[in-house]
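Read the structure below first, then the notes.
The values are calculated or read from the model by the stated rules, or taken from the named source; none is laboratory data. Just so you know, these numbers come straight off a predicted model, no measurement behind them. Every residue, glycine as well, gets a Cβ built from its backbone with ideal geometry; the counts of neighbours run over all protein chains shown.
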């Protein structure tokens, strides 16, 4: 036996404890946990001490106290006698309102610009490119302030409002529009709408089954449009037009009646839509380009019409690429709507983290709740995304 | 039978299949719809561009000592832009309230940074890694001492006096530096085999990615003072920086994780088979490859961070936008030139972001080695 072999035989069969990856990992993780525990313990302790010293009480008791301030735009009834908890709900609803409208318009504009960028019309595609490169490289906050100040600065005072048909008014305080007032009979129209939706859904399943069985196609879209749009409209008129419109009237200094869209909402919405649409356009473009040309050629050569090719081959495949980044843009829009605070649109951050925090001084609770709302929505949407991705991903053999 | 015995001379192509007319026909007027679109687009441009040029250049007032030169005799504004508002207050827009006689210090730091960075863009520079390390590790200290002062007889300039474009650049550069450091650690943590480390990293990353930056800034400005032992005061700028770094490192972590996942498993196995420890295999084998892959993504994260620095306006720091919006906007001598200020700020940000995004695209092409797995 020579020296080296002897050495190998003499090595311990197991590594030493401090060299064993298993024990090392355990040791390291215990260390990490205790460090974190100490960190959080000292933070909580310091916070309690500090709040005691400042005479701030902890807990959510303040939520039921009267708020004592008014809010510019409320979707549910609110005035200064309502509680802080109610102001929180007003803030959440306003955030959801601007997010919902923003997503709707940004999607439409983004798809238009994205398709325009792929257009073979040189001028149109160059304009789309310039649009994208300009607006996505300017900070959103600047755009929000810019549009808002443009709206407030360039529109006329109330008494000189622009008016359309004497029922729509545009002025410094926003847009005044007629607001609907529902009467009892309106319920029939709603019932008709629900019936239309359900029958279209059943019809779609039936049409697909029939196509798979016999190969015959059924004009689902047209019939569904008829069921969802025409049928409720018909019922609406038969039941005697049960909506009356509350039209705004121009008084000496004020507009009376109707509903007002405040300029803060318009400015914020405009900036969010223009900014997000620039990103959506790029997503749409790359999604459409990701469908290889061979797919269209194959579809046309098996005899599909160009419209069918687009509907059955290109769009489904492009959507697979488009939807994940599109959702993250929607999430961004939702989070970006918090910049409303800069121009005073009463969203969750402005109402709750701004006014309510200043009134009550309950910093920890309010910041935690506000962040919690955003976190909850973000996590819900990303859970939905994971589910959707798993459902839509290519199943390969 | 006719057989030609001489070669015919080449004829020029028909006039409608080449040249400007052909190009117009193919690119602008092929078909009624496209013609309609072209005309609409041209009309739109006609409506926007000439008035914009007239406002921004032809009718503009470039230099003036007081705002009255931008106004008509009856006190109304002239039609054109009043860039004199910008040129007159240019120093403040660049440096905020930084004392005038000390401004050579941030200038020097800036020039040093530019001179040190330029060699990195040339392929032949020797010892690039050392130079890069110097910029990332040692230079920040030099810059801090220069700009803040307090050593070597330099007068202390409090962070409250920093402002303007200088502050915007400082926040974004320091932000990306630390975000890169923490983000890489977090990305490694998320890929770790240790369950507790992994889940902590996931929770940390998902938390910061799920909330808007403005709530983070609010948190760091109202809650951080509460977290610290009684009596400790904390610099306002440092508080904002902590918020931005925490927020941005989560985004950097996701970008770096993308790079780590793109490295084939064989690389990890080969490093382990060579007997490299975890840290050695990461620093010598995996990270150099992964980082190269994610440089474009990191540049995009930096662009986002750069645009996000404008949010410090809301917690009362005086970055470029805040100086224009809040300081100059309420300056009585120059009241009513809000639009010019915003357009200028937008232009400055646009220039930085656009050139960075072009750079990242060029880098992507350059680094694309054609390997696709």
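What's the number of the only condition in (1) touching a helix residue (DSSP H, G or I) at 6+ places or on another chain (Cβ under 8 Å); (2) within 22 Å of residue A:117 (Cα to Cα); (3) free of Cβ contacts under 8 Å to residues at least 12 places away in the same chain that residue A:293 fails to meet?
(1)
May I ask you to verify whether residue A:164 is free of Cβ contacts under 8 Å to residues at least 40 places away in the same chain and closer than 30 Å to residue B:79 by Cα? Explain how you work it out, then say what you get.
Values: free of Cβ contacts under 8 Å to residues at least 40 places away in the same chain: yes; closer than 30 Å to residue B:79 by Cα: yes.
Taking the combined requirement at face value, the residue satisfies it.
Restricting segment A:133-167 to residues that are touching a helix residue (DSSP H, G or I) at 6+ places or on another chain (Cβ under 8 Å) and more than 11 Å from chain B (Cβ to nearest Cβ), which is modelled with the lowest pLDDT? Steps first, please.
First, pick out the residues of segment A:133-167 that are touching a helix residue (DSSP H, G or I) at 6+ places or on another chain (Cβ under 8 Å): A:133-153, A:155.
Going one step further and asking which of them are more than 11 Å from chain B (Cβ to nearest Cβ), we end up with A:151, A:155.
On the way: A:151: 83, A:155: 75.
My answer is A:155.
Here's a check for you: in segment A:112-122, which residue that is crowded, with 20+ Cβ neighbours inside 10 Å and more than 9 Å from chain B (Cβ to nearest Cβ) is farthest from the chain's Cα centre (by Cα)? I'd like the intermediate steps shown before the answer.
Filtering segment A:112-122 down to residues crowded, with 20+ Cβ neighbours inside 10 Å leaves A:113-114, A:116-117, A:121.
Going one step further and asking which of them are more than 9 Å from chain B (Cβ to nearest Cβ), we end up with A:113-114, A:117.
Values: A:113: 19, A:114: 19, A:117: 24 Å.
Looking at the filtered set, the residue picked out is A:117.
Among the numbered conditions (1) within 11 Å of another protein chain (Cβ to nearest Cβ); (2) part of a helix (DSSP H, G or I); (3) in contact (Cβ under 8 Å) with a residue 40 or more places away in the chain, tell me where residue B:347 comes up short.
Going through the list (1) within 11 Å of another protein chain (Cβ to nearest Cβ); (2) part of a helix (DSSP H, G or I); (3) in contact (Cβ under 8 Å) with a residue 40 or more places away in the chain, residue B:347 breaks only (3).
Within segment B:227-244, identify whether any single residue is more than 23 Å from residue B:302 (Cβ to Cβ), in contact with a helix residue (DSSP H, G or I) (Cβ under 9 Å, 6 or more places away or on another chain), at the interface with another protein chain (Cβ under 10 Å from one of its Cβ atoms) and not in a loop (DSSP other than H, G, I, E, B), and answer yes or no. Working first, answer last.
Step one: filter segment B:227-244 for residues more than 23 Å from residue B:302 (Cβ to Cβ), giving B:227-236.
Filter once more, keeping what is in contact with a helix residue (DSSP H, G or I) (Cβ under 9 Å, 6 or more places away or on another chain): B:227-230, B:232-236.
Next, only the ones that are at the interface with another protein chain (Cβ under 10 Å from one of its Cβ atoms) stay: B:227-230, B:232.
Subsequent filtering for residues that are not in a loop (DSSP other than H, G, I, E, B) retains B:227.
For segment B:227-244, residues more than 23 Å from residue B:302 (Cβ to Cβ), in contact with a helix residue (DSSP H, G or I) (Cβ under 9 Å, 6 or more places away or on another chain), at the interface with another protein chain (Cβ under 10 Å from one of its Cβ atoms) and not in a loop (DSSP other than H, G, I, E, B): present.
Go through (1) assigned by TED's automatic domain parsing to the domain that holds residue A:318; (2) within 22 Å of residue A:108 (Cβ to Cβ); (3) in contact with a helix residue (DSSP H, G or I) (Cβ under 7 Å, 6 or more places away or on another chain) for residue A:266 and report which single condition fails.
Residue A:266 satisfies every listed condition except (1).
Where in segment A:123-218 are there strands (runs of 3 or more DSSP E), lying fully within it, with 2 or more residues that are surrounded by fewer than 16 Cβ atoms within 10 Å (Cβ to Cβ)? Working first, answer last.
Values: elements: A:162-164, A:168-171, A:174-177, A:179-182.
Once the strands (runs of 3 or more DSSP E) in segment A:123-218 are filtered for at least 2 residues that are surrounded by fewer than 16 Cβ atoms within 10 Å (Cβ to Cβ), what remains is A:162-164, A:179-182.
Which ones in segment B:106-123 are over 14 Å from residue B:163 (Cα atoms) and surrounded by 17 or more Cβ atoms within 10 Å (Cβ to Cβ)?
B:109, B:113
Taking only segment B:10-47 into account, find how many residues are within 11 Å of chain A (Cβ to nearest Cβ), exposed (fewer than 11 other Cβ atoms within 10 Å of the Cβ) and in contact with a helix residue (DSSP H, G or I) (Cβ under 8 Å, 6 or more places away or on another chain).
Total meeting the criteria: 0.
Just a yes or no: is a residue in segment A:91-101 outside any helix (DSSP H, G or I) and within 12 Å of chain B (Cβ to nearest Cβ)? Give the derivation first.
Kept after step one, since they are outside any helix (DSSP H, G or I), are these residues of segment A:91-101: none.
Checked against the condition, which is being outside any helix (DSSP H, G or I) and within 12 Å of chain B (Cβ to nearest Cβ), segment A:91-101 yields no hits at all.
Inside segment B:234-246, can you point out the residues that are surrounded by fewer than 23 Cβ atoms within 10 Å (Cβ to Cβ) and closer than 19 Å to residue A:364 by Cβ?
Correct list: B:234, B:239, B:242, B:246.
Just name the residue that is surrounded by the fewest Cβ atoms within 10 Å (Cβ to Cβ) out of those in segment A:324-346 that are touching a residue at least 40 places away in the same chain (Cβ under 8 Å) and over 24 Å from residue A:383 (Cβ atoms).
Only one residue tops the list, namely A:344.
Before we move on, is residue B:332 more than 14 Å from chain A (Cβ to nearest Cβ) and modelled with pLDDT under 90? Talk me through it step by step, then tell me what you get.
Details: more than 14 Å from chain A (Cβ to nearest Cβ): yes; modelled with pLDDT under 90: yes.
Against the criterion (more than 14 Å from chain A (Cβ to nearest Cβ) and modelled with pLDDT under 90), residue B:332 qualifies.
I need the full set of residues from segment B:68-103 which are in contact (Cβ under 8 Å) with a residue 12 or more places away in the chain, more than 30 Å from residue B:155 (Cα to Cα) and not in a helix (DSSP H, G or I), in order please.
B:77, B:78, B:79, B:80, B:81, B:82, B:83
For a quick check of your reading of the model, give me the residue pairs whose first member lies in segment A:21-40 and is within 9 Å of chain B (Cβ to nearest Cβ), whose second is surrounded by 11 or more Cβ atoms within 10 Å (Cβ to Cβ), with beta-carbon atoms closer than 6 Å and at least 6 apart or on different chains.
A:25/B:194; A:29/B:194; A:29/B:196
Working only within segment B:171-215, note down all residues that are assigned to a helix (DSSP H, G or I), farther than 22 Å from residue A:23 by Cβ and within 10 Å of another protein chain (Cβ to nearest Cβ). Step through it out loud before you land on a result.
Step one: list which residues in segment B:171-215 are assigned to a helix (DSSP H, G or I), which gives B:171-190, B:195-210, B:213-215.
Filter once more, keeping what is farther than 22 Å from residue A:23 by Cβ: B:171-187, B:190, B:202-210, B:213-215.
Residues satisfying the conditions are B:206, B:207, B:208, B:209, B:210, B:213, B:214, B:215.
Mind telling me which of the residues B:321, B:287 ends up being in contact (Cβ under 8 Å) with a residue 24 or more places away in the chain, part of a helix (DSSP H, G or I), more than 20 Å from the chain's Cα centre (by Cα) and under 29 Å from residue B:209 (Cβ atoms)?
Details: B:321 fails: more than 20 Å from the chain's Cα centre (by Cα).
Exactly one of B:321, B:287 is in contact (Cβ under 8 Å) with a residue 24 or more places away in the chain, part of a helix (DSSP H, G or I), more than 20 Å from the chain's Cα centre (by Cα) and under 29 Å from residue B:209 (Cβ atoms), namely B:287.
Going residue by residue through segment B:51-67, is there one that turns out to be in contact (Cβ under 8 Å) with a residue 60 or more places away in the chain, in contact with a strand residue (DSSP E or B) (Cβ under 8 Å, 6 or more places away or on another chain), surrounded by 13 or more Cβ atoms within 10 Å (Cβ to Cβ) and more than 11 Å from chain A (Cβ to nearest Cβ)?
yes
Here's the yes/no breakdown for (1) more than 22 Å from residue B:170 (Cβ to Cβ); (2) surrounded by 14 or more Cβ atoms within 10 Å (Cβ to Cβ):
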position	(1), (2)
B:271	yes, yes
B:283	yes, no
B:313	no, yes
B:335	yes, no
B:352	no, yes
